[in-house]
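Report on the structure given below.
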Amino acid sequence: MVTLVEQQQYRLGVTYVALSALAWSTSGLFVRAIHADLMTILFCRGVVSGLGVFTLFFYIERRNAFRILRSMRGPSLAATIFSTASMISGIGSIYYTSVADAMVIYATVPFVTAGVAFLFIGERPNVRTLIASGIAFIGVLVMLSGHASDGGSWLGKGLAAVMTLTVAALAVIMRRHRDVPMLPAMALSAWLCSFTTFWFASPLAVSGQDLGLIIAFGIIQNAMGLSLYTFGSRLVPASDAALLTALEVPLTPLWVWMVFAERPSTATLIGGPIVLAALFGHILLEVRRNRAVTSAQAH
C-alpha cells in the first residue's frame, strides 16, 4: 500500500522534474542567440552554472556542506561525469544540427532509461508509465518520419545519441543512490565541463551582449535545471523522471520556432503534440490517482 507521504513526495518530484525540463528547454534559444563559438559558450556557462549550484548547495546545507563534500564517493563522481558528458553532448548536438533533429533523437530517453533502470537496478516501470511511453514513442516515430531523407549533421546527431545515453545513466544513478546528496556533484559537473572546454575556448573574445546571455544561460537553463532535477529525480522512479524530462522534446524546437523562425518539419509539428499529450496525460492521471489515495486514507 502506497502511503500518503510517498504520494506527496511523488507529486513533488513530478513538479520538480517537469520544471527542470522547462528550464532545459530554453537551451535552443540561448545557443541560437549567442554568437560565440561552442567551446567558449560551454566554458563560460559552466563557470556561471557551477557557482549558482554551489551557492544553492551551501545555502541549503550550511554547516554540513564541507562534511558532505569530504564524503563524496563513487556515486557522486559517476553522476558528475555523466552530467558533464550530457552537457557537452547536449549543447553540441544543438550547435551542429537543427534543434528538431537533436530533440527527435533525445525523445527516446524514456525508453532508454527504463531499459537501463531495469538492467542495473531492477526497477520495473508501472503499466501507466509503459502506456504513456508507448504513446510518446508513436509521436517519436512520426517525428522521425520527416527526417528520413534529411542528412543533416551526423556529428550533431551522434552527440544527441550520447546525450540520451548519459541522461539515462544519470537518472538511474540518482534514483539508485537517492540518499546521497547530488547537488555538489551537479555543481562539479558544470566546472568539469568548463575545465574540459577551457583549452579550446576564447572567453576574452566574448562580447558584452554574449556575456550577458551566457550568464542567463548558466543560471536559468543549467543551474536551475540541474538543481530542480536533482531534487525531483530522487522522489520518482527513473523511468518516470525520464518521461517527464522528455517535455524538452517538443518545447525546445517550439521556442526556437517562435523566436527565431527555425521552423520544424511538418512531421515534428504532428509528432510533437503526440509526445506532449502522452506526457501531460500521464502527469494528470498520476495526480488524480494520488488525490484518490489521499482521500481514501483521510477517511
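What percent do you get for the relative contact order of the chain when only Cα pairs under 8 Å and 6+ apart count?
Value for the chain: 42 percent.
Per residue, how much accessible area does the chain show when a 1.4 Å probe rolls over the protein heavy atoms, in square angstrom?
I get 46 Å² per residue for this part.
So what is the 222 nm mean residue ellipticity for the chain from helices alone, if each DSSP H run of at least 4 adds -39500 (n - 2.57) and you divide by all residues, rounding to the nearest 500 deg cm²/dmol?
Calculated from helices alone, the mean residue ellipticity at 222 nm is -25500 deg cm²/dmol.
With a length cut of 24 Å (Cα positions projected on each helix's long axis) and a Kyte-Doolittle mean of at least 0.5, go through the chain and give me the DSSP H helices that pass. All intermediate terms of the calculation are to be shown ahead of the outcome.
Details: long enough: 4-24 (30 Å, 0.44); 38-61 (34 Å, 1.65); 74-96 (33 Å, 0.92); 127-145 (27 Å, 2.01); 154-176 (33 Å, 1.27); 266-298 (48 Å, 0.78).
The answer, listed by residue number, is 38-61, 74-96, 127-145, 154-176, 266-298.
Out of these labelled values of log10 I(q)/I(0) by the Debye sum over Cα atoms at q = 0.07 Å⁻¹, (1) -0.37; (2) -0.26; (3) -0.31, which was calculated from the coordinates shown here?
Derived directly from the coordinates: (2).
GNM, the chain, Cα, under 10 Å: largest mean-square fluctuation among G115, G134, G212?
Highest fluctuation of the listed residues: G212.
Starting from the range 199-240, pick out the chymotrypsin sites (Phe, Trp or Tyr not before Pro) whose DSSP state is loop and whose Cβ has at most 13 other Cβ atoms within 10 Å.
Here the sparse-neighbourhood loop sites are W199, F200.
Determine how large the accessible area of V116 is when every protein chain is in place; take a 1.4 Å probe and give Å² rounded to the nearest 10.
Its accessible surface works out to 40 Å², give or take rounding.
Carbon and sulfur together cover what percent of the accessible area of the chain at a 1.4 Å probe radius? If you can, show how the numbers build up before the last one.
On the way: 9540 of 13640 Å².
About 70 percent, which is the carbon plus sulfur part of the accessible surface.
The values are calculated or read from the model by the stated rules, or taken from the named source; none is laboratory data. Just so it is clear, the structure is predicted and the values come from calculations on it, not from any experiment. All Cβ positions, glycine included, derive from the backbone under ideal geometry; neighbour counts span all protein chains shown. For the accessible areas, the whole protein counts, side chains as well, though only heavy atoms, and no ligand, DNA or RNA atoms are used. Shrake-Rupley method; radii C 1.70, N 1.55, O 1.52, S 1.80 Å.
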